[in-house]
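The values are calculated or read from the model by the stated rules, or taken from the named source; none is laboratory data. Since this is a predicted model, take the numbers as computed values, not measurements. Neighbour counts are summed over all protein chains in view; Cβ atoms, including those assigned to glycine, are modelled from backbone coordinates with ideal geometry. Heavy atoms of the whole protein, side chains included, go into the accessibility calculation; ligands, DNA and RNA do not. Shrake-Rupley method; radii C 1.70, N 1.55, O 1.52, S 1.80 Å.
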Amino acid sequence: MEHEHLRFLNLHIRNHINKHFTLEDRYDRNKCKLIIFYYMKRYCERYRKLTGKQADYRIMAMMHNGGPNGYFKPATIKYINRINDEILNGRKH
């Protein structure tokens, strides 16, 4: 599955900025940040088109945890609650 996400993301990135990432790039901190940036850019724009709303940190966290449609998935609720605890209370899990 992770290969499919990276392959799809590479197609999107190549079409827009002519950039290609490898699976090994996930272990390079700077490249990993770029991969996540382009992933979020793509799916937050898709979210905006579908809902008419901008994605906030909660939606982005749910997408990160549950995939592009993570904001629909009940399984991401526990994850977003942990994120909220981190942000609001500064607690570590």
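Residue 53 - would you say it is at pLDDT 90 or above, under 23 Å from residue 84 (Cα atoms) and of a type in the set (Lys, Arg)? Show your work before the answer.
On the way: at pLDDT 90 or above: yes; under 23 Å from residue 84 (Cα atoms): yes; of a type in the set (Lys, Arg): yes.
For residue 53, the condition - at pLDDT 90 or above, under 23 Å from residue 84 (Cα atoms) and of a type in the set (Lys, Arg) - is met.
List every residue pair whose Cβ atoms sit under 6 Å apart, with the two residues 6 or more apart in sequence or on different chains, where the first one lies in segment 30-47 and is closer than 15 Å to residue 70 by Cβ and the second, anywhere, is hydrophobic (A, V, I, L, M, F, W, C) and open to solvent by 30 Å² or more (accessible area, probe 1.4 Å).
From segment 30-47, the pairs are 40/60.
Scan segment 75-89 and give yes if some residue there is within 11 Å of the chain's Cα centre (by Cα), surrounded by 15 or more Cβ atoms within 10 Å (Cβ to Cβ) and either modelled with pLDDT under 80 or hydroxyl-bearing (Ser, Thr, Tyr) (or both), otherwise no.
Step one: of segment 75-89, the residues within 11 Å of the chain's Cα centre (by Cα) are none.
No.
Would segment 19-35 turn up any residue that is in contact with a Ser or Thr (Cβ under 8 Å, 6 or more places away or on another chain), modelled with pLDDT of 85 or more and not aromatic (Phe, Trp, Tyr)?
Of all residues in segment 19-35, those in contact with a Ser or Thr (Cβ under 8 Å, 6 or more places away or on another chain) come to none.
Within segment 19-35, none of the residues are in contact with a Ser or Thr (Cβ under 8 Å, 6 or more places away or on another chain), modelled with pLDDT of 85 or more and not aromatic (Phe, Trp, Tyr).
Mind checking which residues of segment 35-50 are open to solvent by less than 60 Å² (accessible area, probe 1.4 Å) and more than 8 Å from the chain's Cα centre (by Cα)?
Step one: list which residues in segment 35-50 are open to solvent by less than 60 Å² (accessible area, probe 1.4 Å), which gives 35, 38-40, 43-44, 47.
Hits for segment 35-50 are 35, 38, 44, 47.
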